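Report on the following structure.
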Amino acid sequence: MAERTPASVPRPVAFLLTPVLPLAGGSGRSMRAWGWLVELAREFRVHVLVADGLPPGWRLPANYPAASVLTLQGMVRSPSLRERLAGVSFPPMALLSHRFVLDWSIPRAEGIAPGLAHQTGPVKRVVVFRSYLHDVACELFVRHPEAERILDMDDLESHTRHSVAAALLRARRPIAAAVHLAAAAQYRLIEARLCRSYAETLLASPDDAASLGRRTDGAVACRPNRVELSADAAPWQSRNELSLLFIGSLDYFPNEEAARELATQLAPLLRRQLHLPWRITVAGRGARPGLRALLSRSPGIRYLPDVQDLAPLYAAARIVLVPLRSGGGTKTKMLEALAHRRAVIATGEGVRGLAVTPSLQYFAAETPSEFASVIGRIVDGELDDKRVADEGWRLCRRLYGLDV
């Protein structure tokens with residue numbers, strides 16, 4: 001646990017229970033958790049409880065907005081193999097116990113109480129980020145029944161799992177697809193019930209919030225994803241090489257599917273159609289060996305498996321590609337690209353739930369040939385990518401900045 005000395009005048013306490021460490025950069029979950037931490041710290045003394053482990057060697061920085069950060073690693077567990085098999089075989093078992101729900105987090109026998117001895121002061125709010133941490137949060141609810149409870153589902157898991165299952169079927173991985181379909185059914189059964197335990201349930205996409213709101217009598221609202229913006233994000237500077245960029249955690253199948261499409265379909269089209277040097281940079285951790293090999297040997301593809309600072313990649317890129325065909329919620333990678341003042345070509349799934357307009361804040365494309373066509377029209381000067389990048393940046397500042 002990392003903790004700093006409390007201030008002389010105690011403030012009310014809030015707990016933020018999150019699967020990952022809140023960070024301003026990194027994965028979409030890290031950035032959404034960071035948005036919560038920044039907001040809560042304005043009013044509360046925040047204790048962050050991280051279900052997963054902390055990054056190796058991480059220490060609480062002096063300017064970090066949390067009073068303490070505690071990892072719950074070892075205090076919670078995932079369902080056992082027997083429990084997972086039972087849940088996949090008969091999804092309604094999720095109604096009997098959450099221990100049959102795939103990827104759920106379950107407190108161990110000793111619970112998380114030993115890690116909470118550092119907490120002082122009245123607890124006024126508990127924010128639970130991601131529904132699969134609900135059972136862990138129940139220990140906080142028992143200890144602090146007076147605290148306001150907020151559940152941030154982020155994605156509507158039933159929709160996300162169903163969408164990923166369809167992508168896995170396209171990739172001819174039927175067993176993995178069946179597992180995701182079972183998980184989609186499990187979450188569909190329990191999502192509406194979970195809302196009743198909270199003062200408010202939040203989702204990143206307004207479509208998801210509306211969908212869940214029709215299925216529950218609990219309070220449901222949209223909390224958009226937000227990103228940090230610089231007031232002076234630099235426009236792209238002309239270079240001899242056309243630099244295209246895709247960023248995403250490659251252990252998440254929708255990103256893997258997109259990266260494979262870039263290497264096997266878009267890159268060959270660009271080799272035939274473009275008459276200037278170009279390169280697609282794919283940056284993301286967790287790629288499976290087959291995907292790593294494909295990206296490493298594909299002409300025109302530069303694969304970066306472990307990038308600590310994404311800012312230089314955005315600075316060098318003229319166009320950011322978001323060729324997603326599956327997933328859920330709203331895509332933080334899309335907002336990041338807008339925040340860095342870069343022109344974006346995206347599918348409908350890539351901009352799902354965001355208040356962006358095609359040809360105004362981004363360029364729309366669905367197939368690899370459409371992506372290649374838009375890229376060619378930008379290169380030829382037919383499409384004004386600088387204007388679209390500027391419009392996207394302004395919209396992001398107005399609607400999706402952390403200070404909104």
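Annotations
- Close amide-amide hydrogen proximity is noted between residue 205 and 330, each under 5 Å apart and 5 or more residues distant or on a separate chain (H modeled in the peptide plane; Pro and chain starts excluded).
- Gaussian network model of the chain, Cα within-10 Å springs - most flexible of 97, 78, 211: 97
- Computed over the alpha-carbon pairs of the range 2-222, the distance histogram in 10 Å steps reads 8, 31, 37, 19, 5, 0, 0 percent, short to long.
- Taking a ≥ b ≥ c as the square roots of the eigenvalues of the alpha-carbon gyration tensor, the range 35-150 is classed prolate because a/c is 1.5 or more and a/b outweighs b/c.
- Normalised by residue number, the volume inside the convex hull of the Cα atoms of the chain is 144 Å³ per residue.
- Candidate cross-link partners of residue 386 among the lysines, defined by an alpha-carbon separation under 24 Å and a same-chain spacing of 8 or more, comprise 331, 333.
- Mean-position separation - Cα centroids, the range 163-202 and the range 336-404, in angstrom: 29 Å
- Over the residues of the chain, the helix contribution to mean residue ellipticity at 222 nm works out to -10500 deg cm²/dmol, using -39500 (n - 2.57) for each DSSP H run of at least 4.
- Chymotrypsin sites (Phe, Trp or Tyr not before Pro) lying in DSSP loop within the range 22-71, provided at most 15 other Cβ fall within 10 Å: 58
- Ordered by the count of other Cβ atoms within 10 Å of each Cβ, fewest first, 333, 124 give 124, 333.
- Relative compactness, the range 242-399, computed as alpha-carbon Rg over 2.2 N^0.38 Å: 0.95
Readers should treat all values here as calculations from the given coordinates under stated rules, not as data from a laboratory. Not measured: the values here are computed from a predicted model. Cβ: placed from backbone, ideal geometry, glycine included. Neighbour counts: every protein chain shown.
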